[in-house]
1. How many residues, within the range 5-63, are touching a Ser or Thr at 6+ places or on another chain (Cβ under 9 Å), of a type in the set (Lys, Arg) and over 14 Å from Leu73 (Cβ atoms)?
2. Starting from residues that are polar (S, T, N, Q) and surrounded by 15 or more Cβ atoms within 10 Å (Cβ to Cβ), keep the ones in the range 65-96 and report whichever is modelled with the highest pLDDT.
3. Working only within the range 6-34, note down all residues that are in a helix (DSSP H, G or I), surrounded by 11 or more Cβ atoms within 10 Å (Cβ to Cβ) and aliphatic (A, V, I, L, M).
4. Among the residues of the range 49-64, write down those that are over 14 Å from Ile8 (Cβ atoms), loosely packed, with under 13 Cβ neighbours inside 10 Å and of a type outside the set (Phe, Trp, Tyr).
5. Which residue is nearest to Leu66 (Cα to Cα), if the candidates are limited to the range 10-29 and must be in contact (Cβ under 8 Å) with a residue 24 or more places away in the chain and of a type outside the set (A, V, I, L, M)?
6. Considering only residues of the range 39-96 that are charged (D, E, K, R) and under 15 Å from the mean Cα position of the chain (by Cα), which is nearest to Val22 (Cα to Cα)?
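The values are calculated or read from the model by the stated rules, or taken from the named source; none is laboratory data. Just so you know, these numbers come straight off a predicted model, no measurement behind them. Positions of Cβ are generated from backbone atoms using ideal geometry, with glycine treated the same way; all protein chains shown enter the neighbour counts.
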Amino acid sequence: MAQKLNSIFVFYRRFFVSSFIVNILLLLLGIAFVVAATIKVLFFGLLLFIYLTTRQKEKLTFYHNLSISTYYLFGMSLLLDLLLLFFTYVIFGHVY
């Protein structure tokens, strides 16, 4: 189980910096948390679609060998991203 969680963190690490920049941008634009979370969900849906329909799917073989499905991997990454979004909004006091 620990190896799976570590692998999910390794996968999410690719998106961490860009996701944090988007979080700050959404915060600076004054977008409400619920709207920002919806944008993030749609973004991850688009990212999942890109991974499933292009050659990017081959990059997921490592995770499949660890018995981590594509949907679980993206779902957990989305959860981590929403937690990052929540803490970004809480730290800067804009949760409404």
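1. 1
2. This residue is Ser77.
3. Ile8, Val10, Val22, Ile24, Leu25, Leu26, Leu27
4. Within the range 49-64, Ile50, Thr53, Thr54, Arg55, Gln56, Glu58, Lys59, Thr61 qualify.
5. Phe11
6. Lys40
The rows are residues; the columns are (1) closer than 21 Å to Met1 by Cβ; (2) aliphatic (A, V, I, L, M); (3) outside any loop (DSSP other than H, G, I, E, B); (4) touching a residue at least 40 places away in the same chain (Cβ under 8 Å).
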| residue | (1), (2), (3), (4) |
| --- | --- |
| Phe49 | no, no, yes, no |
| Gln56 | no, no, yes, no |
| Tyr63 | yes, no, yes, yes |
| Ile68 | yes, yes, no, yes |
| Tyr71 | yes, no, yes, no |
| Ser77 | yes, no, yes, yes |
| Thr88 | no, no, yes, yes |
